[in-house]
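The values are calculated or read from the model by the stated rules, or taken from the named source; none is laboratory data. What you see is a predicted model; the values in this text were computed from it and never measured. Note that we place each Cβ from the backbone using ideal geometry, even for glycine, and neighbour counts take in every protein chain shown.
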Amino acid sequence: MKQRINLKQLEPKVYEVLYSMEEYLSTTDLSVQLRELIKVRVSQINKCAFCIELHSKDAIKAGETQRRLLALTAWEESPLFSDEEKAVLAFTEAITLISHAGVSDAVFAEVKRYYNDNQICQIIAAINQMNFWNRIALSTKMSLPV
């Protein structure tokens with residue numbers, strides 16, 4: 001697959017903003033492992049192979065197991081994820097697929113059981129940041145070298 005355009009090269013200020021957001025997210029209350037789970041799950045939903053590969057490697061470096069990454073597409077049925085993680089993953093899916101049904105009160109209430117308002121804002125930012133990255137990668141046809 002040939003990359004259509006190189007957004008980073010043509011509009012470097014866009015990447016400056018995105019990298020600034022990544023720096024901010026690294027200072028939040030969210031663990032690296034949770035942030036990487038969000039990134040991989042968003043990328044799975046969006047079918048972004050570039051980001052799935054990149055962030056699966058990052059997740060493993062952050063201590064995530066290959067077993068949990070393989071189970072991530074079936075997180076609802078998997079005993080490998082805590083109730084707290086499942087709440088975030090449901091929230092991740094609702095936000096990523098927001099045009100389907102929005103974010104229900106039930107999904108929001110479940111996240112609220114485990115996280116305070118500031119942390120919920122951080123989760124929302126992390127989910128949307130990854131959606132932004134996916135949309136860049138997919139629309140420009142970014143790919144990792146084979």
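Applying a threshold of 7 Å to beta carbon distances and a minimum spacing of six or more residues, or different chains, the list of pairs starting in region 14-26 at a residue that is under 20 Å from Thr140 (Cβ atoms) and part of a helix (DSSP H, G or I) and ending at one that is modelled with pLDDT under 95 and of a type outside the set (Phe, Trp, Tyr) reads Val14/Leu7; Tyr15/Lys8.
Residues are listed down the side, and each one gets a yes or a no for (1) under 14 Å from Gln129 (Cβ atoms); (2) surrounded by fewer than 16 Cβ atoms within 10 Å (Cβ to Cβ); (3) touching an Asp or Glu at 6+ places or on another chain (Cβ under 6 Å); (4) of a type in the set (Lys, Arg):
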position	(1), (2), (3), (4)
Thr27	yes, yes, no, no
Phe81	no, no, no, no
Ala87	no, no, yes, no
Ile98	no, yes, no, no
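Out of the residues in region 1-57 that are of a type in the set (A, V, I, L, M, F, W, C) and more than 15 Å from the chain's Cα centre (by Cα), state the one that is nearest to Tyr115 (Cα to Cα). Once the filter is applied, the top-ranked residue is Val17.
Residues checked against (1) in contact with a Leu (Cβ under 6 Å, 6 or more places away or on another chain); (2) more than 16 Å from Ala94 (Cα to Cα); (3) of a type in the set (Lys, Arg); (4) buried (at least 17 other Cβ atoms within 10 Å of the Cβ):
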| site | (1), (2), (3), (4) |
| --- | --- |
| Glu36 | no, yes, no, yes |
| Gln44 | no, no, no, yes |
| Ala49 | no, yes, no, no |
| Glu53 | yes, yes, no, no |
| Ser56 | yes, yes, no, yes |
| Lys61 | no, yes, yes, no |
| Thr65 | no, yes, no, no |
| Trp75 | yes, no, no, yes |
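Those residues that are loosely packed, with under 15 Cβ neighbours inside 10 Å and at negative phi, I need them from region 133-146; list them, please. Passing the criteria: Arg135, Ser139, Ser143, Leu144, Pro145, Val146.
The requirement of being over 15 Å from Ile52 (Cβ atoms), exposed (fewer than 12 other Cβ atoms within 10 Å of the Cβ) and out of contact with any helix residue (DSSP H, G or I) (no Cβ under 8 Å at 6 or more places or on another chain) is fulfilled somewhere in region 108-115, by at least one residue.
Candidates Ser143, Ser78: the one that is in contact with a helix residue (DSSP H, G or I) (Cβ under 6 Å, 6 or more places away or on another chain), at pLDDT below 95 and not β-branched (Val, Ile, Thr) is Ser143.
In a helix (DSSP H, G or I) and over 20 Å from Met21 (Cβ atoms): does that describe His55? When the stated conditions are applied, His55 does not pass them.
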